[in-house]
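The structure appears right after this line, and notes come after that.
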Amino acid sequence: MTITTFKDYLRNQILTTLEELSMPTRDVHLEKSKIPEYGDLSSNIALTLAKEVKGSPLDLAERIKENLHLSPDYCSAVTISPPGFLNFIYSPKYIRKQLITLLKTGDSYGKTDVGKGKCALVEFVSANPTGPLTVGHGRQAVLGDTVSNILEWHDYDVAREYYFNDAGRQMRLLGESVYVRYMESLGEKMTLPEGGYQGNYIRDIANHIYKIHHDTLKEQPDSPVFKETAEKIIFEDIKSTLEKLGIYFDGFVNEKTFYENQAIDQVISRLRRKNLAYNLDGAVWLKTTDFGKSQDTVLIKRTGEPTYRLPDIAYHEDKIKRGFDLIVDIFGSDHKDTYPDVISALQCLNYRTDHIQVLIHQFVTLKQKGVKVSMSTRKATFVTLDDLIEIVGADVVRYFFLMRNMKSHLNFDMDLAMKESEENPVYYLQYAHARICNILKYGKEVGIPSDVTADFTLLKEPSELNLIKELIYFPEITKQILDSLEPQIISNYLQDLATLFHKFYTECRVVTEDISLSVARIGLVSGVKTVLASSLEILGISRPERM
RNA sequence: GCCCCGGUAGCUCAGCAGGAUAGAGCAACUGCCUCCUAAGCAGUAGGUCACCCGUUCGAAUCGGGUCCGGGGUACCA
């Protein structure tokens with residue numbers, strides 16, 4: 001019985017008791033008790049019922065307790081604490097059984113088969129190839145990859161997808177900027193176009209082109225070579241950066257596809273038939289006012305060029321048609337206002353959209369020397385993700401982004417990041433893992449067997465029991481991250497688990513003269529290692545055996 | 001103007017399906033390595049949980065308002 005089913009069991013028992021007492025029933029809320037005096041799990045049910053039943057919460061709690069029949073195999077005691085909480089204490093037998101389950105299940109502990117036979121698509125990063133990835137993109141990259149990991153953990157077949165557009169104004173500007181730098185390397189003085197790309201990488205690309213074509217493109221500012229070479233080089237650069245973070249995509253989808261296969265035209269004509277698209281002032285509009293917006297939005301500009309919204313609809317239609325059971329989109333907060341239009345449009349085209357989940361994350365604001373810098377790829381006022389990885393390492397980058405709630409703004413202070421790389425919270429977690437590896441190695445050397453049938457009743461110290469209780473909670477955590485797709489839940493859990501381990505380590509020596517105790521503790525410690533490793537794996541952080 | 005996020009220790013942030021003494025890391029200070037790794041542990045100090053009002057037995061958490069920061073509201077993505 002995992003912790004989750006244990007809670008369900010408690011809930012049901014309480015509900016049954018309430019019925020027996022002819023009391024009103026309601027959702028029973030159970031939470032991990034904050035301090036040991038309050039047991040292991042607590043419920044406020046008596047407090048919430050007090051008003052309706054018109055009794056004192058303490059009396060109510062007492063009555064519930066008296067009539068509650070819990071199996072001593074699971075729950076050894078129920079206590080009441082003011083102002084009326086019911087506290088439940090795990091039976092030692094239950095705790096031991098869970099530890100044994102963990103040791104027997106190993107790497108699969110905390111996994112479910114919720115996603116068995118189902119496939120999911122996760123779209124993220126999706127930056128156009130106009131420049132290197134910035135620290136800002138890093139947040140989304142790490143988030144998307146970790147969300148994918150979470151789904152995979154629960155047995156989903158996950159496809160990571162990157163959507164991009166190599167047509168359009170920005171890419172045209174990119175090509176023009178490269179041409180200017182190319183001419184400069186030929187000794188010609190030129191100025192960048194309005195809003196052109198100022199980064200040094202443009203010069204590198206220009207030099208690269210020069211090495212191949214020399215001055216033969218001098219008179220050909222419109223040559224596709226500039227844009228195409230830039231795109232190719234930049235994409236390679238982006239991929240290599242992502243690779244450093246352990247992120248690999250299963251597919252890259254080009255927006256162009258939906259122009260070429262006429263998906264866009266079909267979307268337009270179908271929207272027209274539904275009276276949701278119309279012509280005005282030479283543009284084609286989407287009737288977003290029908291979806292509750294204060295004004296309609298343009299789908300095709302007067303120039304004949306679609307806005308990004310139209311191919312977005314076609315792209316999502318394509319995603320749906322590919323038959324995924326779950327579609328996750330990860331967007332920055334700048335998309336907050338646009339994706340509902342896409343969803344609404346799809347619904348109007350008679351698609352089911354309840355399997356589309358959109359995760360919006362807030363931006364990273366960058367601080368350098370205490371001053372806020374607005375990040376712009378065009379103006380080259382950004383710190384590249386690559387530089388950041390170089391400075392602090394991939395593990396730190398990943399953890400830095402994952403320990404925060406995606407809804408929170410993130411103030412990224414470069415100076416602090418560098419300083420913290422010396423003494424970083426991520427090492428705290430990894431160190432716990434490395435310490436255990438070393439203990440297990442040592443235990444093996446002195447001949448302590450690793451045995452699931454060890455006598456775990458010997459584990460009685462508070463630091464031991466607290467550690468096991470935290471391990472018991474792991475399946476609940478993996479359930480929570482699946483429901484919420486919020487990686488920081490697991491970061492917080494890891495932090496707590498590592499703390500309890502380090503405490504245990506200082507208080508209890510694992511390998512001693514006492515063989516039986518040593519075997520039991522080796523078991524405990526390897527259970528901790530399994531859960532640490534699983535958690536780190538989900539976060540995509542390495543699990544060093546030595547540090 | 002309107003919409004969406006956020007405002008918690010000096011700094012970066014957890015906690016927020018209402019709960020019992022508000023946490024961590026960094027920074028500061030004090031202890032602890034003849035013993036499986038001190039990237040650790042124990043402790044001190046640091047808070048009107050932006051502000052006001054409300055709901056409640058109980059509010060950092062829920063509702064309303066104010067202020068500050070970010071994003072959106074574009075025929076930019």
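The values are calculated or read from the model by the stated rules, or taken from the named source; none is laboratory data. None of these values were measured; they are calculated from a predicted model. Note: ideal-geometry Cβ built from the backbone for every residue, glycine included; neighbour counts use all protein chains shown. Just the protein is used for accessible areas: all its heavy atoms, side chains included, with ligands, DNA and RNA removed. Shrake-Rupley method; radii C 1.70, N 1.55, O 1.52, S 1.80 Å.
A DSSP coil position with no more than 13 other Cβ atoms inside 10 Å describes the following trypsin sites (Lys or Arg not before Pro) in region A:15-97: A:Arg26, A:Lys34, A:Lys54.
The trypsin sites (Lys or Arg not before Pro) of region A:163-265 that meet both conditions, a loop assignment by DSSP and at most 16 other Cβ atoms within 10 Å of the site Cβ, are A:Lys189, A:Lys218, A:Lys256. In region A:1-126, the ratio of gyration radius to Kirkwood radius, Rg to Rh, stands at 1.10 when only Cα atoms are counted. If you take all other residues with their beta carbon under 14 Å from the beta carbon of A:Pro72, and give Lys and Arg +1 and Asp and Glu -1, the sum is +2.
By the compact-protein rule of thumb, 2.2 N^0.38 Å, the alpha-carbon radius of gyration of region A:275-379 corresponds to a ratio of 1.30.
If I take every Cα pair under 8 Å that is 6 or more residues apart in region A:115-422, average their sequence separation and divide by the length, what percent do I get for the relative contact order? Could the numbers behind the result be given before it?
On the way: 475 pairs, mean separation 70.1, N = 308.
For region A:115-422, the relative contact order is 23 percent.
For region A:229-264, the set of chymotrypsin sites (Phe, Trp or Tyr not before Pro) satisfying both a DSSP loop assignment and a count of at most 14 other C-beta atoms within 10 Å is given as A:Tyr248.
Taking the longest Cα principal axis of chain A as reference, the axis of helix A:339-348 is set at about 90 degrees. When all protein chains stay in place and ligands, DNA and RNA are ignored, the 1.4 Å accessible-area order of A:Ser450, A:Ser76, A:Ser148, largest first, is A:Ser450, A:Ser76, A:Ser148.
Using only side-chain charges placed at the Cβ, +1 for Lys and Arg and -1 for Asp and Glu, the dipole size of chain A relative to its Cα centre rounds to 520 debye. Sites count as exposed loop sites when they are GluC sites (Glu not before Pro), lie in a DSSP loop, and have at most 10 other Cβ atoms within 10 angstrom; the longest stretch of chain A without one is A:220-421.
The share of accessible area on region A:115-422 that comes from carbon and sulfur is 47 percent, using a 1.4 angstrom probe.
For the set A:Lys469/A:Lys529; A:Lys239/A:Lys367; A:Lys32/A:Lys469, the pairs lying more than 21 angstrom apart at their alpha carbons are A:Lys239/A:Lys367. Shown is the FRET efficiency for A:His409 and A:Lys232, computed with R0 = 25 Å from the Cβ-Cβ distance and rounded to the nearest 0.05: 0.15. Work through the residues other than A:Lys469 whose Cβ is under 9 Å from its Cβ and net out their charges, Lys, Arg +1 and Asp, Glu -1. Value of the local net charge: -1. Between 0 and 90 degrees, the angle of helix A:3-20 with respect to the longest Cα principal axis of chain A falls at about 60 degrees.
What does the charge add up to near A:Ile3, with Lys and Arg as +1, Asp and Glu as -1, over the other residues with Cβ less than 13 Å from its Cβ? Local charge sum for A:Ile3: +1. Take every Cα pair under 8 Å whose residues are at least 6 apart in sequence, average their separation, divide by the length of region A:3-90, and the relative contact order is 29 percent.
Only alpha carbons enter this Debye calculation for region A:396-547, each as an equal point scatterer, and the log10 of I(q)/I(0) it gives at q = 0.09, 0.14, 0.16, 0.21 Å⁻¹ is -0.32, -0.72, -0.89, -1.32. Exposure check, 1.4 Å probe, all protein chains in place: A:Asp341 carries approximately 0 Å² of accessible surface.
Under Stokes-Einstein, with the Kirkwood radius over Cα pairs as Rh, the value for chain A at 20 °C and 1.002 mPa s is 79 µm²/s. Sequentially through region A:484-494, phi angles give Karplus couplings (6.51, -1.76, 1.60; θ = phi - 60°) of 9, 6, 10, x, 5, 4, 6, 4, 5, 4, 4 Hz, Gly and Pro residues having no value and appearing as x.
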